[in-house]
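Single-structure report; data block below.
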Amino acid sequence: MIEQPAQFDFYDGGGLDLAFLSFAEVDPAGNVNVSRFGNRIIGPGGFINISQNAKCVVFGGTLTAGDLDIGWEGGRTVIRNEGRHRKFVPALEQVCYNASMGRSQGQVALFVTERAVFRVGDSGLELIEIAPGLDAERDVIANMGFRPAVARDLKAMDARIFSPGLMGLSAEIHAKPVSYRSARVAKWRAEKGER
């Protein structure tokens, strides 16, 4: 446990390698709003400190909201009822995360939804993965307020995510050669200036 000022010094100083946050609205550039909706101002709390200074930030949320009914049957995504409100919109009411600032600092920014994964690329938001069983145009892009770039090598999200059983990640990680894991740890330590 540390005092709150010290905790924010840690955030502001780039102490976080990875942060997982939510989003309410996302624009074509990958900017995020979490605090203002019409006449309601919620306030961002520590969202800005965390999101702008982590080396990698993963924003999670649904593509649409309001009566969204979605399920996963046999490892495939089924949209029973689309949400009434688009969360990927042409313009934000307020910017709480600035994607271009993040990119200028070498930050990796991803958006993971129940049906697609996006990253902030050179020209803004780019669709890089889609849930098994869905069509990119019909089930993702048609439910956005803008057209994102689409990766040439658009991939399917790992079907294990949508199944109720264990994913087997521990076995998968330990199956990698020790040299692979050691190289990752050594790289991380070098970035931190550690031996």
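Structure notes:
- These residues, 112, 34, 26, go from largest to smallest accessible area, 1.4 Å probe, as 112, 34, 26.
- What the phi angles of region 53-62 give under the Karplus curve with 6.51, -1.76 and 1.60, with θ = phi - 60°, is a coupling list of 10, 6, 5, 9, 10, 10, 8, x, x, 8 Hz, glycine and proline written as x.
- Counting only Cα atoms, the chain measures 52, 47, 34 Å along its principal axes, largest extent leading.
- Taking all Cα-Cα distances within region 103-172, those exceeding 20 Å account for 37%.
- Helix-only mean residue ellipticity at 222 nm for the chain, each DSSP H run of n ≥ 4 adding -39500 (n - 2.57), per residue, nearest 500: -6500 deg cm²/dmol
- Within a Gaussian network of the chain (alpha carbon springs, distance under 10 Å), most fluctuating of 138, 76, 40: 40
- Here's how it looks for residue 115: its modeled amide H is under 5 Å from those of 63, which are all 5 or more places away or on a different chain.
- Long-range Cα-Cα pairs in region 13-114 (distance over 16 Å), rounded percent: 60
- Compared with the alpha-carbon gap, the fully stretched path from residue 155 to residue 10 is longer by 48.6 nm at 0.36 nm per residue.
The values are calculated or read from the model by the stated rules, or taken from the named source; none is laboratory data. The structure presented is a predicted model; accordingly, all values stated were derived computationally and were not measured. These area figures cover heavy atoms from the full protein model, side chains too; ligands, DNA and RNA do not enter into them. Shrake-Rupley method; radii C 1.70, N 1.55, O 1.52, S 1.80 Å.
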